[in-house]
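The values are calculated or read from the model by the stated rules, or taken from the named source; none is laboratory data. The structure presented is a predicted model; accordingly, all values stated were derived computationally and were not measured. Please note: Cβ atoms are built from the backbone with ideal geometry, for glycine as well, and neighbour counts cover all protein chains shown.
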Amino acid sequence: MKSGTFPIIRDKIVLFSGMAHPTLAASVAEKLEISLGSAVVDRFPDGEIDIKLNDDIRGTDVFLLQPTCPPVNETVMELLLLIDCCKRASAGRVTAVIPYFGYARKDRKDEGRVPISSKLVADLLTTAGADRVLTLDMHSAQIQGFFNIPVDHLYAKPVMINYLKTLESRRLTVVAPDAGGIKMARGYARRLEANLAIVDKRRDSTGKTSVEHLIGDVEGSDVIIVDDMIATGGSITNAVKIVKKFGANKVYMCATHPVLCGNAMERIEAADVESVVVTDSIPLGDKKSDKIQVVSIASLLADAIRNTHNSESISRLFDF
Ligand code: R5P
C-alpha cells in the first residue's frame, strides 16, 4: 500500500507484537506505560497466516515489533501482513520495529547469480506499507540505503557496555572476529578504554569459516570478542581459539543477536570462554547455558519509540 496515506490524527502510540518475540514486546509496552495492542496472529489449517486486530487504530501512530529471526520466512511474512493490516485499518503511521533484521547478510552480489536478499526484504517492507523502520545492530549499516523510507539504526552498545564494565579486568583488548566487525569493535574499545585486535577470518562456505592470523596483540590480556550476531558460532569460537593461541587470558564473547542455529550451543559449551553476553533481540527459547548472559534492549527500544513518536532525536540516545 502507498505509504503515508493517512495523517496521524490521534496522539497515541499503539504497539503490536508479532509471534516472534511477545515477551520483548510486553517489556517494551511496560516501559512505555501502555498496554500491548490486542491482535490475533494465527494460522489457517493450510499454514497461511491469519491476522486480526482487535483494537481500533484509525489515525494512530502504530509500532509493530517483530524480530525477523528464525523461522525467518514465517516472521518476515507475519510482519508484512501485520503492516498491510494496519495500513488497511487506516493507521496514521506504521513503524516496523525490527530488533533483529534477518536476511541482512546477503547485502551484495559477492559472486555471480545470487540475490541481494536484504534489498528484497527492504522492498517488501516498503511495499507492504511501512512508513518507517526502527532496527538494531544490522549486519551492515548501509542496508539503510536499500529503503526509501526513514530507517533509525539503534546500537546495543550502551546496554552492553553497562554490563561489560562490571567485568573485572586489568588489561583489556576488544577483538573483532573479522574485518567487517572492526568499526563495531573499535566503538567498544573506545568506550571501554581497551586495545583493539582483529581476526583475519575467511569464509569458506555459507556455514564454514576459518582463521589463520591475528592482527594486534592479546598476550596476557583479557579479551572481549564483539560481533553483531552468533549464528552457527563458527566465527566467534574460531576467534576464541586464535586469541587463546596468541596468549589471551580470560575471554568473553559479546554479540547483539543470539541467532544460535546449527551447532552454536555445542560450540559455545566447548569454547574456552568465561561468558557470552547477548541481548534479548531474539528469544533464546530452550537454548539455555550457564555461560550465556542476556541483557535487555527493552528500555532502549521504548526510548526510541517514544522519541520517534515525539519527533525527538534518536542519536541523542547514544550520546554517552
Ligand atoms: C559475519 O560477517 C557476521 O558478522 C558474523 O560474524 C557471522 O554472521 C556469525 O555467523 P556464524 O556464527 O555462523 O559464524
Which listed residue, of LYS31, LYS52, is assigned to a helix (DSSP H, G or I) and among the basic types (Lys, Arg) = LYS31
From the set of residues in segment 188-208 that are touching a Gly at 6+ places or on another chain (Cβ under 7 Å) and of a type in the set (Gly, Ala, Ser), which is farthest from the ligand (Cβ to nearest atom)?
-> ALA197
Output for segment 157-182, where each listed residue is within 18 Å of the chain's Cα centre (by Cα), among the hydrophobic types (A, V, I, L, M, F, W, C) and under 27 Å from LYS245 (Cβ atoms) | MET160, ALA176, ILE182
Say we look at segment 260-277 and pick out the residues that are in contact with a strand residue (DSSP E or B) (Cβ under 8 Å, 6 or more places away or on another chain) and acidic (Asp, Glu); which of these is surrounded by the fewest Cβ atoms within 10 Å (Cβ to Cβ)?
-> ASP272
In this structure, is VAL211 in contact with a strand residue (DSSP E or B) (Cβ under 7 Å, 6 or more places away or on another chain) and away from the ligand (no atom under 12 Å from the Cβ)?
-> no
If you go through GLY247, GLY220, GLY216, GLY233, the only one that is near the ligand (Cβ under 10 Å from one of its atoms), in contact (Cβ under 8 Å) with a residue 12 or more places away in the chain and assigned by TED's automatic domain parsing to the domain that holds MET184 is GLY233
Would you say THR68 is crowded, with 17+ Cβ neighbours inside 10 Å, within 18 Å of the chain's Cα centre (by Cα) and at pLDDT 95 or above?
-> yes
Taking the stated definitions as given, is ARG113 at pLDDT 95 or above, surrounded by 17 or more Cβ atoms within 10 Å (Cβ to Cβ) and not small (Gly, Ala, Ser)?
-> no
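The rows are residues; the columns are (1) over 19 Å from the mean Cα position of the chain (by Cα); (2) surrounded by 20 or more Cβ atoms within 10 Å (Cβ to Cβ); (3) without any contact (Cβ under 8 Å) to a residue 40 or more places away in the chain.
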| site | (1), (2), (3) |
| --- | --- |
| THR279 | no, yes, no |
| PRO283 | no, no, no |
| LYS287 | no, no, yes |
| LYS291 | yes, no, yes |
| VAL295 | no, no, no |
| ALA298 | no, yes, no |
| THR308 | no, yes, no |
| SER311 | yes, no, yes |
Is it true that some residue in segment 263-279 is within 23 Å of ALA189 (Cβ to Cβ), more than 13 Å from the ligand (Cβ to nearest atom), hydroxyl-bearing (Ser, Thr, Tyr) and assigned to a helix (DSSP H, G or I)?
-> no
Any hit, segment 246-253, residues being under 19 Å from THR166 (Cα atoms), in a loop (DSSP other than H, G, I, E, B) and among the basic types (Lys, Arg) = yes
State whether the residues of segment 54-61 include one that is farther than 24 Å from HIS153 by Cβ, without any contact (Cβ under 8 Å) to a residue 40 or more places away in the chain and not basic (Lys, Arg).
-> yes
Collect the residues in segment 156-202 that are part of a loop (DSSP other than H, G, I, E, B) and either acidic (Asp, Glu) or surrounded by 19 or more Cβ atoms within 10 Å (Cβ to Cβ) (or both), keeping them in residue-number order.
-> ALA156, GLU168, PRO177, ASP178, GLU193, ALA194
